[in-house]
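Okay, so here's the structure we're looking at.
The values are calculated or read from the model by the stated rules, or taken from the named source; none is laboratory data. Just so we're clear, the structure is a prediction, and the values are computed from it rather than from any experiment. Positions of Cβ are generated from backbone atoms using ideal geometry, with glycine treated the same way; all protein chains shown enter the neighbour counts.
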Amino acid sequence: MNEQRIKVDSRNIEIVLASGERLQAEIFLQLHGLHLTGPQRVGEVLNGEESFLPIRIDQGVRLVNLDQVIAVYVAASDEFDPLLELGAEHEVYVTSMVGDSLKARIFVNLPHGRNRAKDFLNQPKRFLLFLQEKTVVYLAKKSILLVED
């Protein structure tokens, strides 16, 4: 049997679940793909079509229901791209359903001159990207209670 395998890499992440549990894990990213111009990013996986995310923890590989994920933290050194800082910069304070408040930066560069924090928050994405000094944070939009701009 001839099996074609997609080449993958892994990236260390921390996941915060709706239960408040925090998991140190590895996520699997494609190195090449039909629509990829470079290695896949964590945000692309989180905002993809699949509902369950395969992760590796100490006990083995598990599938996490993305509807139960509040936040995913990735080292900026692994996920940051200068293109993420294009657009109008906003410093925001975010309160989510679980965990501490988050102080972060967002950059908004949407079509038709939409560059407000409100425009950023109303994007049709499951997870939104927030930048901190050493961390990229993906917050589940449905878990955000309050944002101060």
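Data overview
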read-out: Hey, ARG114 surrounded by 12 or more Cβ atoms within 10 Å (Cβ to Cβ), of a type in the set (D, E, K, R) and touching a Pro at 6+ places or on another chain (Cβ under 8 Å) or not; value: no
read-out: Strands (runs of 3 or more DSSP E) completely within the stretch 78-149 that count 1 or more residues being under 20 Å from ARG41 (Cβ atoms); value: 102-108, 127-131, 135-140
read-out: Looking only at the stretch 97-107, and only at residues there that are at pLDDT 95 or above and touching a helix residue (DSSP H, G or I) at 6+ places or on another chain (Cβ under 9 Å), the one that is surrounded by the most Cβ atoms within 10 Å (Cβ to Cβ); value: ILE106
read-out: Counted residues, the stretch 71-95 - those being surrounded by fewer than 12 Cβ atoms within 10 Å (Cβ to Cβ) and under 11 Å from LEU129 (Cβ atoms); value: 1
read-out: Top-ranked residue in the stretch 43-59 [being within 23 Å of ALA75 (Cβ to Cβ) and polar (S, T, N, Q); ranked as farthest from the chain's Cα centre (by Cα)]; value: GLN59
